[in-house]
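Next up is a structure, given as structure tokens.
What follows draws every value from the coordinates through simple rules; no lab data is involved. None of the values given here were measured: they were computed from a predicted structure. Because the Cβ atoms are built from the backbone with ideal geometry, glycine has one as well, and the counts that use them run over all protein chains shown.
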Amino acid sequence: MRGLASAFRALALTAAALLAVTATSPAARATPEPSAPQEFVALRSVAPTVIQEMRYTTAHDFIGEPIDGYRQPVCILTRPAAQALQRAQRQLLRQGYSLKVYDCYRPQRAVDHFVRWAKDLDDERMKEEFYPQVDKSRLFEDGYIAEKSGHSRGSTVDLTLVKLPAEGTRPYVPGEKLVPCYAPQNERFPDNSVDMGTGFDCFDTLSHTDDPRIQGEQRANRQLLKTTLAGVGFVNLPEEWWHFTHKPELFPDTYFDFPVSWRSLARP
């Protein structure tokens, strides 16, 4: 019996030692994921009729795979930016249009993913659609990729217009034939938005909002988007017809890195 008791005591000491190691291991001490500050909201909670097609949760982007940090297809923005989109949406609905967002808040880890990809000159799987005329080695120099993004500050959004009633869009199938993003609208990947002259994230000078080659209905569509958003406090990036930042920004100097997910917005 004395030997059995000694064996049990040895087992107990071993278990205690293992628990102590586990409690102090790197995994146990791992820093919890950052969460969004109180000033951030889900756009759907403020402007539920805005269409959301969160591209970076899918493989249909210029990299060809879901982007780091995009865990759920939810548009997250600072509250003033979301409320401004609600006001714009009300105006557009009366004219028979809806806004559609492609990207909203973007975590720094996603920007880092873009940077790593841009430095890998061998990975050009999506070139034929998103940057057919741009040498990948020039993406930084030409300003298409940068190590910081205004999206990470929470008041910038990429969006377009959809004529109502909105038609459905089919999902992208990885490996399918790619068509240049500046091809005629009926040849590009199907998108239920109005014709803006190029697709979203088209790395080409034709994406410049006021490029003189964009005329007629395409130019009118860009101007409708730009003037409507300007009226509620958004400023357009001239190089991208889809890119707008609400001013003044709540966090003009802060680049956040919480994941794009509903959990990031959970309040204690």
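Where does each of 45, 207, 35, 152 land when they are ranked from fewest to most other beta-carbon atoms within 10 angstrom?
Numbers: 45 11, 207 25, 35 17, 152 20.
So the ranking, lowest neighbour count to highest, is 45, 35, 152, 207.
Which of the three applies to the stretch 75-168, rounded, prolate or oblate, going by the alpha-carbon gyration tensor with a ≥ b ≥ c and a/c under 1.5 meaning rounded? Write out the running numbers ahead of the final one.
On the way: a/c = 3.17, a/b = 1.70, b/c = 1.86.
Taking the square roots of the gyration eigenvalues as a ≥ b ≥ c, the stretch 75-168 is oblate.
For the chain, what is the number of Lys pairs with C-alpha distance below 23 angstrom, counting only pairs 8 or more positions apart or on separate chains?
Counting lysine pairs in the chain gives 14.
Where nothing but the Cβ of Lys and Arg (+1) and of Asp and Glu (-1) is charged, how large is the charge dipole of the chain around its Cα centre, in debye to the nearest 20? Don't jump to the answer; show the numbers that get you there.
On the way: 32 positive and 34 negative charges, 294 e Å.
Taking the Cα centre of the chain as origin, the dipole is about 1420 debye.
Sort 65, 141 so that the residue with the fewest other Cβ atoms within 10 Å of its own Cβ comes first and the one with the most comes last. Don't jump to the answer; show the numbers that get you there.
On the way: 65 16, 141 9.
In increasing order of surrounding Cβ atoms, one gets 141, 65.
Find which of 121, 209, 111 sits farthest along the positive direction of the dipole of the chain, computed with +1 on the beta-carbon of Lys and Arg, -1 on that of Asp and Glu, about the Cα centre.
Going by the Cα projections, it comes out as 111.
What is the Cα centroid distance between the stretch 90-125 and the stretch 238-259, reported in whole angstrom?
12 Å
With angles folded into 0 to 90 degrees, how steeply does helix 216-230 sit against the dominant principal axis of the chain? Use alpha carbons for both and round to 10.
It works out to around 50 degrees.
Once you put a point 7 Å from the Cα of residue 128 and another 7 Å from the Cα of residue 94, both along the Cβ direction, what distance in nm separates them?
The modelled label-to-label distance comes out at 4.6 nm.
Calculate, for residue 79 and residue 262, the FRET efficiency according to 1/(1 + (r/R0)^6) with r their C-beta to C-beta distance and R0 25 Å; round to the nearest 0.05. Please report the intermediate quantities before stating the final value.
Working: r = 16 Å, r/R0 = 0.65.
Rounded to the nearest 0.05, the efficiency is 0.95.
Which one, 153, 90, 170, has the greatest fluctuation when you compute a Gaussian network model over the chain with C-alpha springs under 10 angstrom?
For the chain, modelled as a Gaussian network with Cα springs under 10 Å, the answer is 170.
Now, a different point. Helix 2-23 sits at what angle to the longest principal axis of the chain, using alpha carbons and giving 0 to 90 degrees rounded to 10?
It is inclined by approximately 20 degrees.
Right, here's the next one. Answer with one residue from 72, 83, 255: the one whose Cα lies farthest towards the positive end of the charge dipole of the stretch 37-265, charges on Cβ with Lys, Arg +1 and Asp, Glu -1.
Sorting the options by dipole projection puts first 83.
Only bridges with both residues in the chain count here: give the DSSP antiparallel percent, nearest 5.
That works out to approximately 85 percent antiparallel.
Same structure again: Sorted from fewest to most neighbouring beta carbons within 10 Å, what does the list 101, 134 look like?
Details: 101 21, 134 16.
Ascending number of Cβ neighbours within 10 Å: 134, 101.
Around residue 54, what is the net charge, scoring Lys/Arg as +1 and Asp/Glu as -1 over all other residues with Cβ under 15 Å from its Cβ?
That sum, taken over residues with Cβ under 15 Å, equals -3.
Next question. Name the residue from 184, 149, 241 whose Cα lies farthest towards the positive end of the charge dipole of the chain, charges +1 on Cβ of Lys and Arg and -1 on Cβ of Asp and Glu.
It is 149, whose Cα lies furthest towards the positive end.
Under a 10 Å cutoff between Cα atoms, tell me which one of 231, 64, 150 has the largest fluctuation in the Gaussian network model of the chain.
Highest fluctuation among the options: 231.
Using the scaling law 2.2 N^0.38 Å as the reference, what is the normalised Cα Rg of the stretch 37-265?
Working: Rg = 16.5 Å, N = 229, 2.2 N^0.38 = 17.3 Å.
That works out to 0.95 for the stretch 37-265.
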